[in-house]
Amino acid sequence: MSAGRLLAVAIALGSQLGCSVLVHPADVHVAWATPRWPDVTLAELAQGRTEYVDHCAGCHTLVRPEAQEPEHWPEHVSEMEDEQGVKLTADERQHIVRYLMVASAIPVVPKD
Ligand code: HEC
């Protein structure tokens with residue numbers, strides 16, 4: 001994707017999300033995630049954010065991660081696959097679910 005296109009997507013996303021930012025994974029998210037998934041990395045969560053934007057904005061505006069309880073995200077993603085025909089690889093599903101769960105639990109990175 002070109003930089004211009006990325007910018008357009010970012011602006012579109014900003015407006016869809018009421019001008020707030022879809023949280024970028026940070027160390028605080030990795031700390032939340034590690035007890036659940038010992039193999040989790042910051043890179044994986046960042047990948048999940050990208051894949052969420054790429055795969056989940058086609059039919060409706062992106063649902064804010066914190067609009068759903070963290071524990072409910074796996075079933076929402078499965079529902080999209082089973083009932084809406086969304087095609088994800090096993091890796092993509094894992095990245096997206098992990099990103100949505102951490103972003104739901106911590107929608108804003110605390111300032112220190
Ligand atoms: C092919 C179109 C399509 C794509 C792509 C899509 N969705 Fe959906 N999504 C829908 C439709 C249609 C509904 C409303 C369905 C309903 O209410 O039963 C919906 C509803 C939802 C809801 C509301 C709660 C629910 O489960 O009904 C959530 C959350 C959601 N989608 C998440 C996602 C995520 C995460 C992705 C990416 C993995 C995604 N969607 C990709 C079609 C899509």
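Side notes on the structure shown:
- Of the accessible area of segment 21-105, computed with a 1.4 Å probe over protein heavy atoms only, carbon and sulfur atoms account for 52 percent.
- Stokes-Einstein D (µm²/s) once Rh is taken as the Kirkwood radius of segment 33-73 over alpha-carbon pairs, at 10 °C in 1.306 mPa s: 136
- Note on Trp37: accessible area is roughly 40 Å² with a 1.4 Å probe, heavy atoms of protein only.
- Mean accessible surface per residue for segment 38-109, computed with a 1.4 Å probe while every protein chain stays in place, in Å²: 54
- Ratio of Rg to Rh over segment 21-105 (Cα coordinates, Kirkwood Rh, two decimals): 0.93
- In plain terms, the chain from Asp54 to Val21 could stretch by 10.3 nm, reckoned as 0.36 nm per residue minus the Cα-Cα distance.
The values are calculated or read from the model by the stated rules, or taken from the named source; none is laboratory data. Nothing here was measured: the structure is a model prediction, and the numbers come from that model. Heads up: the accessible areas ignore ligands, DNA and RNA and are worked out on the full protein's heavy atoms, side chains in. Shrake-Rupley method; radii C 1.70, N 1.55, O 1.52, S 1.80 Å.
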